[in-house]
Amino acid sequence: MSARERTGRDVTWYEGIVLGLLQGATEFLPVSSSGHLVMGQTLLGLEVPGMSFEVALHVATLVSVVVVYRVRIGVLLAGVGRRDREQMRYAGLLVLASVPAAIAGIGFGDFFASLFDSAAVTGVALLVTGCVVWSARGALARGPAGKPGIGTALLMGLAQAAAIVPGISRSGATVVAALWRGVDAREAAAFAFLMSVPAVAGAALLKVPELVAGQGGGGVAAEAAGASAAVSVAVLGAAAAVACVTGVAAIRAFRAMLASRSLHRFAPYLWGVGAAFLWLVSGR
C-alpha cells in the first residue's frame, strides 16, 4: 500500500522535508541510508513515495558531494583536460573503483533488490557496519598514511558494492577500507565521496526508464499504476533542497570526526539499533 493509498492524500511538506533530512544525513554518515529506510518502512509502515522522489533525493545528495568537493573536482577535470599525469591517474582510479558496484548493480540487481524485503538482513548488516566502523579506531592509530593506489581503489570499490546491501554503510565501508590500506584519513574521505558520484549518478540513471514508464507523461505528481503516492513539484523541490543542504553538513561532520579520530563512536549506535531492530522484527 502506498503512502497515498494509506492516507488518502498527497505527500505533505512536512513528510517531504523529514524524508529529505533523513536521506541527506544517513547517505553520508556511516549509518546506512538504505538500512534506515528499511527500518522506517518496516516499523512505521512508511513507503518511499514514488520513483521521482527517490531519484530526486539521490541527485540532491550527489550535488552535496559536488558542493563540498567543487575545488577538487575542478582541479581534476582541468587536469584531465590537459592530460596531466597525476590527475589522469586519479580519474582512472575513480573509474576503477566504480566497476565492482556497476557489475553488482547491473548483473545482480534483482538479488540485491530482494534483500530489501528481508528485515533480518538489514538488522544483521547494521551490526556488521558497527564492527567495521569500530575498527576505524585501530586503522587511524597506524603509522604514516599515503594516497590511494590500484589495490586500494579496488578494495574500496568492493566495499561500495557490498554497501548495496541494506544496512551496510557506503561511506563507512569505503573509508575504513582505505584507512586499513594506509591511506590518509582526509584523502580516504575525498576518494570515497568522489567515487560515490558515478555510483549515485549511475543508479539514478538506471531508474529513469522506470520513472518515465511509470509516469506515462503525467509529471512528478502522477501515480505509477496506482502504486505510488503523488508528490507535488514544490514538495519534491523542497525535499531535494533539504537533502542537499543536510548532505553537505553530513559530509563535513564525517570529515571532522575522521580528523578527531572519533568515527568509531557511531558503532554503539549501529549495534544498538541493529540489535533492537532484530529483536522487534523477530516478534512479528
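The values are calculated or read from the model by the stated rules, or taken from the named source; none is laboratory data. As the structure is a prediction and not an experimental result, all values here were calculated from the model. Reconstructed Cβ throughout: ideal geometry from the backbone, glycine too, with neighbour counts over all protein chains shown. Note: accessible area is taken over every heavy atom of the protein model, side chains too, but ligands, DNA and RNA are not part of it. Shrake-Rupley method; radii C 1.70, N 1.55, O 1.52, S 1.80 Å.
For this structure, a couple of remarks:
- Neighbour-limited loop hits for trypsin sites (Lys or Arg not before Pro), region 117-202 (at most 16 other Cβ within 10 Å; DSSP other than H, G, I, E, B): ARG142
- Distant-in-sequence amide H partners of VAL183 (H built 1.01 Å from N, under 5 Å): GLY146
- Summarised in one figure, the compactness ratio Rg/Rh of region 119-176, Cα atoms and Kirkwood Rh, is 1.03.
- FRET efficiency for ALA275 and ILE103, using Cβ-Cβ distance with R0 set to 41 Å, rounded to 0.05: 0.80
- Computed accessible area, CYS131, all protein chains, 1.4 angstrom probe, square angstrom: 80 Å²
- Region 15-22 - phi-based ³J(HN,Hα) in whole Hz, Karplus 6.51/-1.76/1.60, Gly and Pro as x: 5, x, 5, 4, 5, x, 4, 4
- Look at where the Cα atoms of region 77-99 and of region 118-172 average out, and the two centres are 24 Å apart.
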